[in-house]
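The values are calculated or read from the model by the stated rules, or taken from the named source; none is laboratory data. Just so you know, these numbers come straight off a predicted model, no measurement behind them. Using ideal geometry, Cβ is built from the backbone for each residue, glycine included, and neighbour counts are taken over all protein chains shown.
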Amino acid sequence: MRVAVASGKGGTGKTTVATNLAWIAAQEDRSVVYLDCDVEEPNGQIFLKPIVDWRRPVTVAVPEVDPVVCDLCGQCGEICQFSAIVCAGKKVLVFPELCHSCGGCDLVCPLSAITEVPRNIATVMAGHAGSLRYYKGLLNIGEAMSPPVIRAVKDEAPEADLLIVDAPPGTACPVVEAVKGCDHVLLVTEPTPFGLHDLELALETVQSLGIPCEVVINRAGLNGSATREFCLRKGVEVVAEFPDSRRVAEAYSRGELPSEKDPEIRDLFRSLLTHIEDSR
């Protein structure tokens, strides 16, 4: 089963939920794979503390123009929707950071003056924490194209009883790429006006993809009534509520798994895991 843990905004506790679910499942002798697809700022390793087994670069194809063959017709720049290649005077300029690797410029070039060359944008690494398998993507500093990196992480994942995708926050293309192909999505939110606003956007995004989703409220003691009312109105189940706990905050600040240190939190995550598995 593939479960994505997502959120409309950062700081809701998404990674806390994802890592604790993975740890609980591994403790109960399930085969578990954790994918950290928050490739701009992956931090699941802080809590799971995996041993890295291997790492490899992630490359994307970008255009390279042969100035001897090119006649400056400008067709490559006309087809590019991202201005990654432009014909400027007597020169063709390529901006590789803007390139989406669609290959359109190469396709329309009448003189075959364009070839695609690999460009390193990230690293994918794999490791283990006990029986739990761990995969992470890390985007190079200054890079903007995270969807290819997320795809690379997901492509490495082996089959398992439970595969948990720690998605990036928000509602943009990286989130869509992360949750695509998952059987279920958990949307983690916090009971604040900002949390509710971004939950609404995230819910709309996931529902447009046709993926079943449910809501987890973190720090529920603050005031979750507005969030519960919203979920009730939208017909979305709130499947877990985690308390606003000092013990959880202290464990988090030390890079520890709350479910490993607090029996009450452990039982809450165990109940959430059982619910997910029963919903197959």
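I'd like the full set of residues that are among the acidic types (Asp, Glu) and under 30 Å from Glu159 (Cα atoms), limited to the stretch 182-228.
Passing the criteria: Asp183, Glu204, Glu214.
Go through the stretch 68-181 and tell me which helices (runs of 4 or more DSSP H), entirely inside it, have 1 or more residues that are within 19 Å of the chain's Cα centre (by Cα) and modelled with pLDDT of 95 or more. Hits in the stretch 68-181: 147-156, 173-179. Exactly one residue out of Phe47, Phe95, Phe82 is touching a residue at least 12 places away in the same chain (Cβ under 8 Å) and assigned by TED's automatic domain parsing to the domain that holds Gly127, and it is Phe47. Taking the stated definitions as given, is Ala144 small (Gly, Ala, Ser) and buried (at least 16 other Cβ atoms within 10 Å of the Cβ)? Answer is no for this residue. In the set Glu214, Glu200, Glu264, Glu177, only one residue is acidic (Asp, Glu), within 22 Å of Leu48 (Cα to Cα) and in contact with a helix residue (DSSP H, G or I) (Cβ under 9 Å, 6 or more places away or on another chain); that residue is Glu264.
The residue list Val176, Val188 contains one member that is closer than 30 Å to Ala26 by Cβ, buried (at least 24 other Cβ atoms within 10 Å of the Cβ) and among the β-branched types (Val, Ile, Thr), which is Val188. For the stretch 37-56, a residue qualifies if it is within 12 Å of the chain's Cα centre (by Cα) and in a loop (DSSP other than H, G, I, E, B), and the qualifying residues are Cys37, Asp38, Val39, Glu40, Glu41, Pro42, Asn43. Would you call Val33 touching a His at 6+ places or on another chain (Cβ under 7 Å) and in a strand (DSSP E or B)? Spelling it out, it is not the case that Val33 is touching a His at 6+ places or on another chain (Cβ under 7 Å) and in a strand (DSSP E or B).
If you go through the stretch 125-134 one residue at a time, do you hit one that is surrounded by fewer than 16 Cβ atoms within 10 Å (Cβ to Cβ), out of contact with any Asp or Glu (no Cβ under 9 Å at 6 or more places or on another chain) and closer than 25 Å to Val60 by Cα? No, the stretch 125-134 contains no residue that is surrounded by fewer than 16 Cβ atoms within 10 Å (Cβ to Cβ), out of contact with any Asp or Glu (no Cβ under 9 Å at 6 or more places or on another chain) and closer than 25 Å to Val60 by Cα. Of the numbered criteria (1) in contact with a helix residue (DSSP H, G or I) (Cβ under 6 Å, 6 or more places away or on another chain); (2) within 22 Å of Val176 (Cα to Cα); (3) surrounded by fewer than 21 Cβ atoms within 10 Å (Cβ to Cβ), the one Tyr34 fails is (3). Please work out if Pro191 is touching a strand residue (DSSP E or B) at 6+ places or on another chain (Cβ under 8 Å) and not assigned by TED's automatic domain parsing to the domain that holds Gln81. In short, yes.
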